[in-house]
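Following: one structure in structure tokens, then a few remarks.
The values are calculated or read from the model by the stated rules, or taken from the named source; none is laboratory data. The model shown is predicted, which means the values in this text are computed figures rather than measured ones. Heavy atoms of the whole protein, side chains included, go into the accessibility calculation; ligands, DNA and RNA do not. Shrake-Rupley method; radii C 1.70, N 1.55, O 1.52, S 1.80 Å.
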Amino acid sequence: MIVLHTMERAYPWGTLRSTFSSKTKVVLEEKGLAYRVEREKIGDIWKKTPEVLAKNPLGKVPWIDDGDLRVYDSTVINEYLDERYPAPALLPRDPLERARVRALENYGDEIVLSGPLPRIWMPWWSKPEQRNEEDMAQGRETLKQRALPFLEKTLEGRDYLAGEFTLADAPYMAVAMVLQVDGMSLDGFPNFAAYLERLRGRPSYRAIDPRTSLEDSAGRT
Ligand SMILES: N[C@@H](CCC(=O)N[C@@H](CS)C(=O)NCC(=O)O)C(=O)O
């Protein structure tokens, strides 16, 4: 059985999960694979303990164990899963379409998940009185100004970024999760707002839905 190493923690305002690991969790779900979640200690990940670095030299989550194979980095893991467990296919066969999917996925990682999203998401892992509301507001503004216009345009006349659901949509499942908790306004971005709702309606979203408890999202048999 595949083991997904991640960070997840329950709070009164929802079950919070690592964004990059959520990308991988939804792909495990989309493919109907058997897996179990192993929750890493958040402090060990931030401190980059020797134990963590021995398992993932990036010192981050996620990584997976699939039998004797250990793979890290959400994009690398997702592509591995798609090649090793091809049905349903989440990358198109045509090289040009594949490149387009990979480019859109990379935009999600670089411009959204590694860009303004942590400024919105990290404070939710702290007590309300410890949050820097001003910084969170700036994160929301940067998301709107820098990241969303391209996505809004790309989604014109499409249900998913590359037409059908593909690996390109995996990072945005994590965005759907973050903004469900944060509740920021998406006024001015109707295509993107409808897209996030569509992502939340997929059965795989249940495994990262902030309303799903840790116990109910610990894997599948
Ligand atoms: N490129 C990596 C990024 C992973 C990443 O940044 N994970 C975050 C959690 S969502 C993390 O472990 N952060 C701890 C750190 O950066 O020290 C991937 O796609 O897996």
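Counting only protein heavy atoms and a 1.4 Å probe, the chain has 48 square angstrom of accessible area per residue. Just the protein heavy atoms count here, and of the accessible area of the chain at 1.4 Å, carbon and sulfur take up 51 percent.
Around the amide H of Gly219, modelled in the peptide plane, lie the amide H atoms of Val37, all under 5 Å away and 5 or more residues distant in sequence or on another chain. Counted over the chain, the DSSP beta bridges are approximately 75% antiparallel.
Taking amide H atoms as placed 1.01 Å from N in the peptide plane, the amide H of Thr15 lies under 5 Å from those of Arg211, Thr212, each 5 or more residues away in sequence or on another chain. Rg over Rh for the chain works out to 0.94, using Cα positions for both radii and the Kirkwood form for Rh. Considering only Arg39, Arg211, Arg158, the Gaussian network model of the chain with Cα springs below 10 Å gives its largest mean-square fluctuation to Arg158. Across the range 95-202, the convex hull enclosing all Cα atoms gives 94 Å³ per residue. With the convex hull of the Cα atoms taken as the outline of the range 154-221, the averaged projected area works out to 5.1 nm².
Using a Gaussian network model of the chain in which every pair of alpha carbons under 10 angstrom is joined by a spring, one finds that among Leu143, Leu33, Leu69 the greatest mean-square fluctuation is at Leu69.
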